[in-house]
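Working notes, beginning with the structure itself.
The values are calculated or read from the model by the stated rules, or taken from the named source; none is laboratory data. If you're wondering where the values come from, they're calculated on a predicted model, not measured in any experiment. Cβ sites come from the backbone with ideal geometry, for glycine too, and all protein chains shown count toward neighbours. The area values use the complete protein model at the heavy-atom level, side chains included, leaving out ligands, DNA and RNA. Shrake-Rupley method; radii C 1.70, N 1.55, O 1.52, S 1.80 Å.
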Amino acid sequence: MNGAESLVHTLLKSGVEVCFSNPGTSEMHFVAALDRIPGMRCVLGLQENVVTGMADGYWRMAGKPAVTLLHCGPGLGNGFANLHNARRARSGIVNCVGDQATYHRPYDAPLTADTEGVARGVSGWMRTARRATEVGRDAAIAVQAARTAPGQVATLILPSDTCWDDGGVVADPLPVPVAQPADPLAVRNAARILREKKNVLILLGGPALFEGAQAFAWRAAQVTGHKLMAEGSNGRTQRGRGRLPLERVPYPADQAIAALSWVEHLILVNARAPVGFFAYPNMPSIHYPASAEVHVLTRYEQDAEAALRALCEELKAPAAALPDPGPRPEGARGAPTPEGLARTIASIMPEGTVIADESVSFGRGFFKETHAAAPHDWLQICGGAIGCGLPLATGAAIGAGGSRRVIGLQADGSAMYTLQALWTQAREKLPVTTILLSNRKYQILLGEYQNVGANPGRTAMDMLDLGNPDLDWVKLANGMGVEAAKATTLEACGDLLAQSFAGSGPFLIELAI
Ligand SMILES: Cc1ncc(C[n+]2csc(CCOP(=O)(O)OP(=O)(O)O)c2C)c(N)n1
């Protein structure tokens, strides 16, 4: 058995079933091993940032890692932005990068690069395999690292001779470390703050946004009369009927500061105290009042639901029915508005829909209008590196088992970074409906430009406008094997959504906004 075969056997034995790949010469033995050993679903991405984004989406829905197959430092570099987004979403990925053979590295051949240096910026765990006999062991440790709560990018760099040399040994799966229980002192402290103080905000992030944890958070908030909110960007929020109608910390700095201005105590549950995405002149970096006290109920690696349950016990909080979000919205008509589009989606999306949201500036009104939709999952871009949405939707469709409809809410500028993901959707026949929000601008940056008091002139406009030539998304999608149509009204968009739900494969709606 060679190293590559021991790698594949070990990954399979450790429960890794999907490989998102974009291979090169140094990975040919890995590819050959995948060909010989049955059991791994291999999904090709036509650019590495598609591969890494798919692996992120897969984890968010499957709750277990996929393996990537990337080519050398430059391939890893291409996949960096979506590994960054995955790191911010706290997604687990076994990130395998083939590299120059150990003895070839000193010759400084063209594809030789500082692969470890690139990996360091996004990896919670990293190792370069040294010899074939150790690759199985290294792979088992990588899976364990990827699955260690809350989840992390575990990069295993594989010099090609560690894959082709004989002597591979299959390693047994290592135990998955469970999320740590909350500190009882932190639970008692949170209970005391909630009982004794006023103007307390419980801020939820990570798995605290799953259904079970939400119910306990609601009980604790209800019995003490305090408020709950979600972080601004979240990996996966369970929403819709039967879940909490949570609002998120707004993205624009002024709105976030206003929304949090009343807070005197902030209790964090797998969340971070809100700070600005960016600094702005004369704006504070932190978005909650500087005088507010910050308390940690759980850190990222701790069990949010267990902590919130313990908090309810400490508070003797009785069971409480979740607030009624009202009737399911009706579809809207006419020119697209954020609220109207959200209502249209909410009116028809099936139970179990997964939303992959990279809607950027158009999406800010979506959340409020979808609380009364059928139960669904909402995935956001967490690291701000645009080009996440299409791959995320693709990986999520696979991670969700292939039968749940995924709706991509996709801004056009961001889509252009990783549009190759559409090809993978077509090849894998995935149930993904992309609503391509075509404003032919970098609208958010136009807003930022105007915020500094300037009006964009010709040169600025050339950097913020996507027209001239206009992108034709129907042709782009068709060219990659995805059915597509244009819509200019919400009723047309609703009809196309319904049509796509009736099919089993991908569909793209170019919605002029
Ligand atoms: C990797 C990366 N490159 C560049 C940016 C800077 N950036 C932020 S938003 C944006 C434009 C987004 O345009 P679009 O996706 O069309 O959304 P819109 O602003 O029109 O809503 C750019 C270029 C970024 N955030 N990440």
The range 444-509: GluC sites (Glu not before Pro) in DSSP loop, at most 12 other beta carbons within 10 Å:
none
Protection proxy ranking of 46-56, 244-254, 272-282 - average other beta-carbon atoms within 10 Å, highest first
46-56, 244-254, 272-282
With a cut-off of at most 16 other beta carbons within 10 Å, and DSSP calling the residue loop, which trypsin sites (Lys or Arg not before Pro) in the range 376-460 qualify? Please list them.
Lys429, Arg440
What are the ³J(HN,Hα) values, in whole Hz, obtained from phi via the Karplus relation 6.51 cos²θ - 1.76 cosθ + 1.60 with θ = phi - 60°, for each residue of the range 496-504 in sequence order, with x given for Gly and Pro?
5, 4, 4, 4, 5, 5, 6, x, 10
Protein accessible area in the range 361-438, 1.4 Å probe - carbon and sulfur %:
51 percent
Tell me, Kirkwood radius of the range 446-502 from alpha-carbon pair distances, in Å?
14.4 Å
Tally up the carbon and sulfur contribution to the accessible surface of the range 73-120 as a whole percent, 1.4 Å probe, everything protein left in place.
54 percent
Find out how many positive minus negative residues lie around Arg299, taking Lys and Arg as positive, Asp and Glu as negative, among other residues whose Cβ is under 12 Å from that of Arg299.
-1
Can you give the accessible area per residue of the chain, in Å², using a 1.4 Å probe?
40 Å²
Rounded Å value of the spacing that divides the Cα centres of the range 69-126 and the range 340-407
29 Å
Quick one: with all protein chains in place, what share of the accessible area of the range 451-492 is carbon or sulfur, to the nearest percent (1.4 Å probe)?
52 percent
Check each of the GluC sites (Glu not before Pro) in the range 307-371 and keep only those in coil by DSSP with at most 13 other C-beta atoms within 10 angstrom; list them in order.
Glu330, Glu351
The whole-number value in µm²/s of the Stokes-Einstein translational diffusion coefficient for the range 77-137, with Rh from the Kirkwood sum over alpha carbon pairs at 4 °C and 1.567 mPa s, is 99 µm²/s
Semi-axis lengths, Å, the range 295-420, gyration tensor of Cα atoms, sqrt of 5 times eigenvalues
30, 21, 14
So what does log10 I(q)/I(0) come out to for the range 416-513 at q = 0.16 Å⁻¹, using the Debye formula with one equal point on every Cα and no solvent?
-0.73
Residue-by-residue Karplus 3J(HN,Hα) for the range 128-141, coefficients 6.51, -1.76, 1.60, Hz, glycine and proline x
9, 5, 9, 8, 4, 5, 9, 4, x, 4, 4, 5, 4, 5
Note on the chain: C-alpha Rg/Rh, Kirkwood Rh, two decimals, gives 0.98
Length-normalised contact order of the chain in % [C-alpha pairs under 8 Å, at least 6 apart]:
14 percent
